[in-house]
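All remarks here apply to the structure that follows.
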Amino acid sequence: MSTFDPARAFRKFAYNNAFANHRLLHACAALKAGEFEAPRTSFFPSIKETLNHIITVDWFYVDGMEGGTLGFQAFEVDEPFDDVESLTQAQAKVDQRLIDLCEVLTPERLISIVSLHRGDRIQQERMDDVLAHLFQHQTHHRGQVHAMLAGTSVAPPQLDEFIVADDARFRGRELAELGWSEERLMR
């Protein structure tokens, strides 16, 4: 590419988000009975609660960026998933929606206004700011799950091998599982 594409970083972050969720949830699927729900020290007091928070926040922001009006209905049920398998399936769906949204970003769309329905008001923010906020939020809470895994029977997985081309040797299995190619990620 001979010109700078301001949407490229957001596309890569969307793929990274899905990749990290895939890798983290794969690790969580190996937890022994009771470890998913067990009380732990973190912002949310269990792996289950933290992962449920991640997905409900995804629903809220992705819907808003898609032009929807879901708003706080995304949070009607604090913990919509009781098991890793159903949470993983739902997370993959919202991750794909975020990728699809980022795949069609343009410079104009990045500076467009997103309306986030917050019950008694509609918050209006630039798309690039909402995306940056969402990616930071998800990274923050995945880090908490990562730390909580250290107190379980499952070793925390590596989550930061994604953005640079040199890390390709560490992500082949997951890319195959997700149906992605290195060429797709590096464009």
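The values are calculated or read from the model by the stated rules, or taken from the named source; none is laboratory data. These figures come from a predicted structure and were not determined experimentally. Methodologically, a virtual Cβ is constructed for each residue, glycine included, from the backbone with ideal geometry; neighbour enumeration extends over all protein chains shown. Side chains included, ligands, DNA and RNA excluded: accessible areas come from the protein's heavy atoms. Shrake-Rupley method; radii C 1.70, N 1.55, O 1.52, S 1.80 Å.
Structure data summary
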| quantity | calculated |
| --- | --- |
| Charge dipole of the chain about the Cα centre (unit charges at C-beta), most positive-ward option of Val62, Gln136, Ala33 | Gln136 |
| Carbon/sulfur fraction of accessible area - segment 2-101, other protein chains in place, 1.4 Å, % | 56 percent |
| Calculated over segment 42-187: convex hull of Cα atoms, volume per residue (Å³) | 128 Å³ |
| Rg(Cα) / (2.2 N^0.38 Å) computed for segment 60-107, rounded to two decimals | 1.30 |
| Under Karplus coefficients 6.51, -1.76 and 1.60, residue-wise ³J(HN,Hα) of segment 53-60 in Hz, glycine/proline x | 5, 4, 6, 5, 5, 4, 4, 4 |
| Surrounding net charge for Gly151, when Lys and Arg each add one and Asp and Glu each subtract one, Cβ distance under 10 Å | 0 |
| Karplus (6.51, -1.76, 1.60) ³J(HN,Hα), θ = phi - 60°, over segment 135-152, in Hz, Gly and Pro reported as x | 5, 5, 4, 5, 4, 4, 6, 4, x, 5, 5, 4, 5, 5, 4, 4, x, 10 |
| Per residue accessible area of the chain, 1.4 Å probe, in Å² | 51 Å² |
| Ala92 paired with Glu76, simple spin-label distance in nm, labels 7 Å along Cα-to-beta-carbon | 2.6 nm |
| Amide H contacts under 5 Å for Arg126, placed H, 5+ residues apart | Val114 |
| FRET efficiency, Arg126 to Ala29 (Cβ-Cβ, R0 30 Å, nearest 0.05) | 0.25 |
| Rel. contact order, % - alpha carbon contacts under 8 angstrom, at least six apart, segment 30-81 | 28 percent |
| Extended-chain gain in nm, criterion 0.36 nm per residue less alpha-carbon gap, Arg169 and Glu108 | 18.5 nm |
| Mean separation of Cα contacts under 8 Å, 6 or more apart, over the residue count of the chain: relative contact order % | 32 percent |
| Projected label distance in nm at Arg187 and Glu37, using a 7 Å step from Cα toward the beta-carbon | 4.5 nm |
| Size of charge dipole - the chain - debye, nearest 20, with Cβ of Lys, Arg +1 and Asp, Glu -1, no other charges | 360 debye |
| Thr69 versus Glu85: modelled label distance in nm, points set 7 Å from Cα along the beta carbon direction | 3.8 nm |
